1. Just checking, which of Asp113, Asp102 is among the acidic types (Asp, Glu), in a loop (DSSP other than H, G, I, E, B) and farther than 23 Å from Met264 by Cβ?
2. Out of (1) modelled with pLDDT under 95; (2) under 21 Å from the mean Cα position of the chain (by Cα), the odd one out for Pro211 is which?
3. Pull out all pairs, ordered by first then second residue, where Cβ-Cβ is under 9 Å, the residues are six or more apart or on different chains, the first lies in segment 144-168 and is at negative phi, and the second is polar (S, T, N, Q) and part of a loop (DSSP other than H, G, I, E, B).
4. Given (1) surrounded by 17 or more Cβ atoms within 10 Å (Cβ to Cβ); (2) in contact (Cβ under 8 Å) with a residue 24 or more places away in the chain; (3) in contact with a strand residue (DSSP E or B) (Cβ under 8 Å, 6 or more places away or on another chain); (4) of a type in the set (D, E, K, R), identify the lone condition not met by Asp183.
5. Being buried (at least 21 other Cβ atoms within 10 Å of the Cβ) and outside any loop (DSSP other than H, G, I, E, B) is the filter here; which residues of segment 26-39 pass it?
6. With the requirement that a residue be under 19 Å from Pro48 (Cβ atoms) and not hydroxyl-bearing (Ser, Thr, Tyr), what does segment 188-201 give you?
7. In segment 191-203, is there at least one residue being under 27 Å from Glu66 (Cα atoms) and touching a residue at least 40 places away in the same chain (Cβ under 8 Å)?
8. For segment 236-282, how many residues are free of Cβ contacts under 8 Å to residues at least 24 places away in the same chain, farther than 23 Å from His151 by Cα and in a helix (DSSP H, G or I)?
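The values are calculated or read from the model by the stated rules, or taken from the named source; none is laboratory data. This is a predicted model, so every value here is computed, not measured. In this analysis, Cβ positions are derived from the backbone assuming ideal geometry, glycine residues included, and neighbour counts consider all displayed protein chains.
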Amino acid sequence: MTLLIFGQTGQVARELARRAPDARFLGRAEADLSDPAACAAAIRAQRPDAVINAVAWTAVDKAETEEDAATLVNGAAPGAMAQACADLDIPLVHISTDYVFDGAGTLPFRPSDPTAPLGAYGRSKLAGEVAVRASGARHVILRTSWVFSAHGANFVKTMLRLGADRPALRVVADQIGGPTPADAIAAACLTLADALREGAAGGTHHFAGAPETSWAGFARETFALAGLPVTVEDIPSDAYPTPARRPLNSRLDCSALAADFGIMQPDWRAALAHVITELKGA
């Protein structure tokens, strides 16, 4: 299968490169997502068997003041990709986020639940979902949460950096979700791309790590596995204000993905141990 992957340096793109080294990866120089027409043109020129979009504007707080730019990258560009895929009958896997929900309640969000983003980033990602569906392309929209790996900027690397110098940290404990290893997302995307190419029905699915935890719980496990004697103090979200509101409930119901594609939720704790080992060897 000839794969065209948008992304080169991001967390999921780096893991896709490990798993699919023969795929064609497009970085910003080859396809800048701020130029949706160029993204569509790349697909028309390459005519691959499947496309994976592993690029997004992920600066959640910055999106609050630059929503138009975020929506261009997260909304218009995926829409242009999807339209090119629809025209050429090429399946598309597009990664989205739990931020399309408002984070209300305590139950895991199902793919069919109503969306209601709290901020600009969530609105921009929802715009991408709407555009992909409207294109008529054969697709899977894969919503995920709390992505981590040994690459790029993420919560695990931030905690390890801060924990190396501080004996105690205050971490938000009232936001609950599923940390998701980028490697598992990459594996899921490849499985989904192959399934779509073989004629499987697509749609919107959820994929997140298990078991659920808080950011504070995630931090504690990170320090324990790294052997850092850091005390974590639980704090509420309002004690750590940010420009963009974060959903309190980021739980995602992943049962449909398991039933339809046999893709099970990864244990984030086991994946975290591998990431920390990789970082120590870097």
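1. Asp102
2. (1)
3. Ser145/Ser250; Val147/Thr58; Val147/Asn154; Phe148/Asn154; His151/Thr9; Ala153/Thr58; Val156/Ser149; Lys157/Ser149
4. (3)
5. Once the filter is applied, which keeps residues that are buried (at least 21 other Cβ atoms within 10 Å of the Cβ) and outside any loop (DSSP other than H, G, I, E, B), segment 26-39 yields Leu26, Pro36, Cys39.
6. Ala188, Cys189, Leu190, Leu192, Ala193, Asp194, Ala195, Leu196, Arg197, Glu198, Gly199, Ala200
7. no
8. Residues in segment 236-282 being free of Cβ contacts under 8 Å to residues at least 24 places away in the same chain, farther than 23 Å from His151 by Cα and in a helix (DSSP H, G or I): 4 in total.
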